[in-house]
């Protein structure tokens, strides 16, 4: 390394990496001490963690400890699914007061009504590279002919992974370029890194046998961690639906309102969604998703695509109430990523979803939990109880702490 580069790095004062990238307990403690010295902030709680630092390798760089979140549990959640059947108590990691109690109220109403029916309609993930051509004619010919090479392309992609299975290719010509959706089944993993590697291998094979001038493995169409209209059609994770029929007496006793009032609220807030040009309609999917994702070691940024969906409220001919949630792009996993780390595995274990063969079950539980959240929030708005609930359970008036400089 040149003297000039050494001087530049010293001027930048980079975070210490240490031998082997510094995952041993001693290295993590030294790096934490360095941060404390640089920032003047003691990291007592950050350093008090139960996750062995060596197990953080592959999940985080420059580790200094672990963040902690309050963890609550809501239930009973009764799910009548194809994969999830029975009563569950759902872990929710959050700092938003009233959230757990709200979800619990919705779960109690669902339980009194016999539970939520849940079904997984589709299970896949996608990568969407873009290929560039000399003119629109070449792009057209490429899009028309690519399917003929599917078996060879699939072999190239699947040679890089034991778990990812290429299901199909979808060509979307745009001018003299062509976006290609590589649609995969990723089993119980979220699998994005896995299928990007597989897709890149397949794209290089395509480049050697086509008129494409270049490609980029990401075009933006896949909507990974971005909210787009294409997510409503599915293809980015699991498409899962949950619904329940709630008698009017349950709506009155547990949600303090009526089916008619719930539907009127739904109609009025639908107008607001349309005026705002929202993608889909829901009350607060992101609240429940974020709390479950943090608790269960999911990729939290996938809340963005997973929260695109549709909540529907209906009054039946008998005067009862039917509610459903449709999550066309729910991205959840029970293996890989952060699912094996410390509390994440324990929280997945709480709902019987730790390990292989349980991702579809997890998806049905998540959908049923979000249905409970939609019921409770909708009822709070319809009954005029929303503000009071946050006053009772939330922290709208947090205690005022004196600054260290005040001497108090």
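Note on residue 101 and residue 252: their simple-model spin labels are 2.5 nm apart, each label 7 Å out from Cα toward Cβ. Calculated [222 nm] ellipticity per residue, helices only, for the chain: -12000 deg cm²/dmol; basis is -39500 (n - 2.57) per DSSP H run with n ≥ 4, divided by all residues, nearest 500. With a Förster radius of 22 Å applied to the beta-carbon distance between residue 207 and residue 165, the computed FRET efficiency rounds to 0.45. The Stokes-Einstein estimate for the stretch 158-249, based on a Kirkwood radius over Cα pairs and taken at 4 °C with 1.567 mPa s viscosity, is a diffusion coefficient of 84 µm²/s. Using Cα centres only, tell me the gap between the stretch 115-154 and the stretch 336-369 in whole Å. First find each Cα centre; the distance between them is then 29 Å.
Averaging Cα coordinates gives a centre for the stretch 80-96 and one for the stretch 202-230; these two points are 36 Å apart. For the pair residue 176 and residue 147 in one chain, pulling the backbone fully straight at 0.36 nm per residue adds 8.6 nm over the alpha carbon distance. Short-range pairs are left out: with C-alpha atoms under 8 Å and at least six residues apart, the relative contact order of the stretch 16-68 is 47 percent.
For the options 187, 208, 113, a Gaussian network treatment of the chain with springs between C-alpha atoms closer than 10 Å singles out 208 as fluctuating the most. Within the listed set 170, 134, 346, the Gaussian network model of the chain (springs between alpha-carbon atoms below 10 Å) gives the highest mean-square fluctuation for 134. Normalising the average separation of contacting C-alpha pairs (under 8 angstrom, six or more residues apart) by the number of residues puts the relative contact order of the chain at 19 percent. Over the stretch 129-216, Cα pairs under 8 Å with separation of 6+ residues give a relative contact order of 41 percent. A simple spin-label model places pseudo-atoms 7 Å from Cα toward Cβ; at residue 55 and residue 273 they are separated by 4.0 nm.
Between 172, 348, 371, the GNM of the chain built on Cα springs shorter than 10 angstrom shows 172 fluctuating the most. The C-alpha atoms of the chain occupy a region whose extents along the principal axes are 70, 67, 40 Å, arranged from largest to smallest.
Using the Cα gyration tensor of the stretch 16-68, with a ≥ b ≥ c the square roots of its eigenvalues, what is the shape: rounded (a/c below 1.5), prolate (a/b larger than b/c) or oblate (neither)? Since a/c reaches 1.5 but b/c is at least a/b, the shape of the stretch 16-68 is classed as oblate. Between residue 310 and residue 14, the modelled label-to-label distance comes to 5.0 nm, taking each label 7 Å out from Cα in the direction of the beta carbon.
No lab work stands behind these numbers, since they all come straight from the coordinates. The structure displayed is predicted, hence computed values, not measured ones. Here the Cβ is made from the backbone with ideal geometry for all residues, glycine too, and neighbour counts use every protein chain on show.
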